[in-house]
Each structure stands twice: as structure tokens, then as C-alpha cells.
Amino acid sequence: MTAYVRALVAREPAAAPAVEEIRLPEVGPGQVRVRIRAAGVCHSDLSMVNGTLSPPYPLVLGHEAAGEVVEAGAGVTRVAAGTHVALNWSPPCRDCWFCTHGEPWLCATANVAALENGSTLDGAPVHLTLGLGAFAEEVVVPERALIPVPTALGWESAALLGCAVLTGTGAVRNTAKVTEGDSVVVIGLGGVGLSVVAAARAAGAATVVAVDVTEGKKALAEAAGATDFVVSGETLSKDIRSRTSGRGADHAFECVGRAATIRAAWRAARRGGQVTVVGMGRADDMVQLSALDIFSSARTLRASVYGSADPDVEVPQLAEDVLSGALRLDHLVTDRIGLADVPAAFDRMARGEGARSVVIL
Ligand SMILES: [Zn+2]
Ligand SMILES: [Zn+2]
């Protein structure tokens, strides 16, 4: 039986993505058809259409999503019709060197920017953002890209756990290992940055300085648990030093993905401090640091990919934290929208307004 669904498709980088009907593929062995119920608008989706990345088109956008299993293919064991699931955009193979050495987030086979799956009505093969293409009424994905979640969790929370929250929380807990009393600077307050703020406070950080380009993020930063809010400008380093005993922060998190903000995070960290890059940037955006600065500042610069987490283990744990009230996500969702409203959500994101827009299907 051929199924047709509405999906948000980007045809070329310059044009706004639009809602189209696409043809879903048959559910093959090891594959699952999922009815999407909520899908967050993540900065990586914008990166697919604003020239930051150059994926193949036509491309179904969306990768931070949750839904309900409609049909499970032959050999599928982890989920069945009716199971509530969060989508995993980097499903580990469990077999490669990285997976068998405790780093499934670096799986050699998982990092597929745009798998081909299904076709447009004019017959062209359609590509899926991060192998998911979740801005669609339904998707057909491999079983290992699904993480079962409790039905009580709610679609919006389940969706956010699959990207922004796991990425931000994991960067704090797994990559940087923020501990009691630390001082933390977070640059860029989208869904990921606000999750970093919340996780840093939960880890016991004494000072969490949240930084963004507009005053409009102040209330969101404070709701997430920031102790200080700074609008980024000429005096950023000084503003941060004045809030971190003159030394700079123990940890600086860059949640934008730009050379300029990576340098700002570098300068925000103290001597010997940790700089964690969480944002994904362009291939040609070069970060310049002087050789002497690298030596004498004794800072560590590293990246956090998907929160250095095993999503199959940590998403269910985060779901329990949400259900127990230990982790609050409601402040992250500032707009609930339809599929056709995603381009407007991209505009808000580019202007630095709001936190997460979530497509409700
Ligand atoms: Zn994302
Ligand atoms: Zn692997």
C-alpha cells in the first residue's frame, strides 16, 4: 500500500521550504513507520537551508521529533504499533570501533546528513535531514533510530529530549563534567543553550552567566536558571570577568557554531578553563587563536557531539527526570506552530527571538 503524507520540503537553498505531499517508502525489514506528533525547529534545520551546510535536495527538514509507531517491519523487536518514541538522529550501529569503545555518539556509520528515502510526487528521490526528515506527518526510519518513551511524557517533551535537551544536558554532564561550585558561561540561548544553562545549575554551578545578542532572552535565561545575563557586545570579556572573580569562567559553552563566538567562549574561560563547542558551524569559518595564547592560557578546547551521550540510555533517564519534576522543559517551548509556519520560525530564530518553536501534528 503506497502512503502519501504532507511534509516540509526544501527544494533549493535560496527558496523558502514549503509543504508538499510526498510518497513514503514501504516499511522494509528492520524499519518502522512512525506518525509524528511533535517536532522542534532546531538550528541545524535552518543550517540545511541558509547555506551553512550543503545537503542534497529535495530535502525533508526536521530531526527533533516524537511520535507513535504505526507499523513495524519484519524483525523489529524494540517497538510495536502504539509505542511512543523519540527520534534519534545519530543512531549508533553498536558494531564499529567507536561504538565498541564507549563512544556511540561518534559512530562511524550513524552520521548521515541526508539519507535518501521516499520520493516526491514528480518521482524525484527525496532526502531526509539527518536520516529522519521529521517535519512530516509520517516517517519510515530504521528501528535503531527510535527510543521508546513513557506515554505519560507528552509529545513536546519527548521531541525536545531527542535533540536540544540531550545535546545541552550531555555537554554539561558528559563532555565538560561541570561540578558543584563551578562558574559557567553559556553563549547562545536557543533550545540547546538554555538546556546547557539548566543542566549547569542542576549540576551545582554557583555562577551561570547566560549570553545572547538581545535583551529579549533575559527572561528565558532566568527561567532556565541563569544567575547572570549579559548582552554580547564589545565589553563581553570584561563583563564576564567581573562576574567570575576577575579570572574568567571554569567552563565556557559555545552554542552558536561560529568562529566569532568560539573565540568569545575561549576568552570567557579562565586560565586552565574548559571551552566546549556545542554549536555546529560552517566548514569555511576559521577560528584563529595565537600559538602563544594556546600555550599560556592552558585552556582546553573541545566539541560536544550529541551531548557525548548514548541516546538509548540517556533519553529514557531524562524522560524519568521530566516525569518526576526534576527537569522542567515547559519554558523551552515558546511557539506552537503548524508545518507551514516553520519558515517564519526560522526567521524568529535568525533574529534571536524566543526559544523553541514546536510543530504540532
Ligand atoms: Zn537539532
Ligand atoms: Zn557504530
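For this structure, a couple of remarks:
- Portion, in percent, of the accessible area of the chain that falls on carbon or sulfur, probe 1.4 Å: 52 percent
- Maximal additional length on extending the ARG336-SER237 stretch stands at 32.1 nm, based on 0.36 nm per residue less the C-alpha distance.
- C-alpha long axis of helix 342-351 to longest principal axis of the chain, angle in °: 10 degrees
- Computed from Cα atoms, the angle from the helix 259-268 axis to the main principal axis of the chain rounds to 40 degrees.
- Overall shape: prolate for the range 37-87, with the ratio a/c of the largest to smallest alpha carbon gyration tensor axis at 1.5 or above and a/b above b/c.
- Candidates per trypsin sites (Lys or Arg not before Pro) in the range 1-41, loop by DSSP, up to 16 other Cβ within 10 Å: ARG11
- Cα shape, the chain, gyration tensor, a/c 1.5 rule: prolate
- The magnitude of the dipole of the chain, with charges of +1 and -1 set on the Cβ of Lys/Arg and Asp/Glu and taken from the Cα centre, is near 1040 debye.
- Alpha-carbon centroids, the range 327-352 and the range 135-191: separation in whole Å: 16 Å
- Accessible area expressed per residue, the chain, with surrounding protein chains retained (probe 1.4 Å, Å²): 41 Å²
- Cα gyration tensor shape of the range 156-253, rounded if a/c is under 1.5, else prolate or oblate by comparing a/b with b/c: oblate
- Nearest 10 degrees, 0 to 90: helix 191-202 Cα axis against the chain principal axis: 60 degrees
- Each of TYR57, LEU160, ALA340 was scored by the projection of its Cα onto the charge dipole of the chain, and the greatest displacement toward the positive side belongs to LEU160; charges sit on the C-beta of Lys, Arg, Asp and Glu.
- Each DSSP beta bridge with both residues in the chain is either parallel or antiparallel, and the antiparallel ones are about 60%.
- Within a Gaussian network of the chain (alpha carbon springs, distance under 10 Å), most fluctuating of LEU128, LEU327, LEU160: LEU327
- In this label model, ALA223 and ALA206 are separated by 2.9 nm, measuring between points 7 Å along each Cα→Cβ vector.
- For the chain, modelled as a GNM whose springs connect Cα atoms under 10 angstrom apart, the maximal fluctuation among GLU180, GLU314, GLU20 occurs at GLU180.
- DSSP bridge analysis restricted to the range 1-152 gives an antiparallel fraction near 95%, rounded to the nearest 5.
- Length added when fully stretched, GLU116-ALA283, from 0.36 nm per residue minus Cα-Cα: 57.8 nm
- You can think of it this way: the chain between GLU21 and GLU320 has 104.0 nm of extra reach, that is 0.36 nm per residue less the Cα-Cα gap.
The values are calculated or read from the model by the stated rules, or taken from the named source; none is laboratory data. None of the values given here were measured: they were computed from a predicted structure. Cβ coordinates were reconstructed from backbone atoms using ideal geometry, including for glycine residues, and neighbour counts include every protein chain displayed. Areas reflect the complete protein model, heavy atoms only, side chains present, ligands, DNA and RNA absent. Shrake-Rupley method; radii C 1.70, N 1.55, O 1.52, S 1.80 Å.
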